[in-house]
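The values are calculated or read from the model by the stated rules, or taken from the named source; none is laboratory data. As the structure is a computational prediction, the values presented were derived from the model and not from experiment. No Cβ is skipped: glycine too gets one built from the backbone with ideal geometry, and neighbour counts run over all protein chains shown. The accessibility values were calculated without ligands, DNA or RNA, using every heavy atom of the protein model including side chains. Shrake-Rupley method; radii C 1.70, N 1.55, O 1.52, S 1.80 Å.
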Amino acid sequence: MQNYNSKFKIIISLAIFILFPVISQAAVLYLDLAQGSYYQGDTFIVDLRIDAQDECVNTIEANLDFSQDILEAVDFSKGNSILSIWAASPFIEQSSGTISFTGGIPGGYCGVLPGDPGKSNLLGKIIFKVKESAKNSSPLISGKVKFLESSQ
């Protein structure tokens, strides 16, 4: 009977670990934008980057939110991205002000790509345009672009 109880405890313990996995934050997604002011009609580029924080990352699911009343997401560039597999191509939903994509890196990304002397942490680039209709009583208005909590 003792042996049966020990096996039962091990099976229950394993089931708990399988059913309730430990969630860890392996990396930080961030936006890289040149400092400056942009005016109605101006176009600018926001780089989407990752800081792997000494971990290896295989897949990325990113969801972004932007001020659709002020900004228009014109395009998403995948050029020079470390993501080589696109499970879900970048999708811009202008009416809700969201952008989403899912991509993978075979072999993982661990912080620096071999032979790359520069920043090799680029996920993609979003080209934004400040809307002509972005009028406010103040000459200074600000648009926001941010990663949503659902990004991983």
| Hey, rough spin-label estimate for D42 and L148, points 7 angstrom out along Cα→Cβ, what's it come to in nanometres? | 2.8
| Gain on full stretching of the segment that runs from E61 to Q94 - 0.36 nm per residue minus C-alpha separation | 10.0 nm
| In µm²/s, what is D for the stretch 26-131 at 10 °C and 1.306 mPa s, where D = kT/(6 pi eta Rh) by Stokes-Einstein and Rh is the Kirkwood radius from Cα pairs? | 109
| task | Rank these by accessible area, largest first, 1.4 Å probe: V130, V112. | result | V112, V130
| When all protein chains stay in place, what accessible area (Å², nearest 10, 1.4 Å probe) is found for T43? | 90
| note | With all protein chains present and a 1.4 Å probe, the order of E55, E61 from largest accessible area down is E55, E61
| task | Would you mind calculating the gained length between K119 and V74 on full extension (0.36 nm times residue separation, minus the Cα-Cα distance), in nm to one decimal? | result | 13.8 nm
| field | Heavy atoms of S150 accessible to a 1.4 Å probe, total area in Å² rounded to 10 | value | 60
